[in-house]
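I have placed the structure first, in the form of structure tokens, so that the comments after it can refer back to it.
Read-outs throughout are calculated quantities, based only on the coordinates presented, and are distinct from any laboratory measurement. The shown structure was predicted, so the numbers you read here are calculated from the model rather than taken from an experiment. Note: ideal-geometry Cβ built from the backbone for every residue, glycine included; neighbour counts use all protein chains shown.
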Ligand SMILES: [Zn+2]
């Protein structure tokens, strides 16, 4: 499953960050999940708690921030968050937009000890 490889990469990244900071353990992990990332938040959580038992992140809590799709309109410059996935500017209805957020999974913060 896609979520499993995502979790493995996430655990590796957290471990690297923690070791770089000289921490002994990770308490809390905050991850932003974009609506377009293709990741199911519930599956991501269950995969995380399955795999973290055998990792440096054992005992850490995973907190997810669900990020809506954010777009910037190339015509009027309006930045909007979309509730529906209709890719046009809510203000001027232009379809010339750039997606600026909501596509990725991003590690936002780590609480360590
Ligand atoms: Zn616009």
Taking the alpha carbon gyration tensor of the chain, what are the square roots of 5 times its eigenvalues, largest first, to the nearest whole Å?
34, 15, 10
Taking Cα atoms only, helix 41-51 is inclined relative to the longest principal axis of the chain by an angle, in degrees rounded to 10, of 20
Taking 113, 81, 95 and counting other beta carbon atoms within 10 angstrom, the fewest-first order is 113, 95, 81
If one compares the long axis through the Cα atoms of helix 2-20 with the longest principal axis of the Cα atoms of the chain, the angle in degrees, nearest 10, works out at 60
Only counting other Cβ atoms within 10 Å, I'd like 88, 57, 76 sorted with the fewest neighbours first.
76, 88, 57
Taking 36, 66, 110, 10 and counting other C-beta atoms within 10 Å, the order from fewest to most
66, 36, 110, 10
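What is the extension gain from residue 96 to residue 113, computed as 0.36 nm multiplied by their sequence separation minus the C-alpha to C-alpha distance, in nm to one decimal?
So the chain would gain 1.5 nm between residue 96 and residue 113.
R0 = 25 Å: FRET efficiency of residue 75 with residue 30, Cβ-based, nearest 0.05?
On the way: r = 34 Å, r/R0 = 1.37.
FRET efficiency, residue 75 to residue 30: 0.15.
When DSSP assigns beta bridges and you keep just the ones with both residues in region 2-112, what percent turn out antiparallel, to the nearest 5?
Working: 15 of 22 bridges.
The antiparallel fraction comes to roughly 70 percent.
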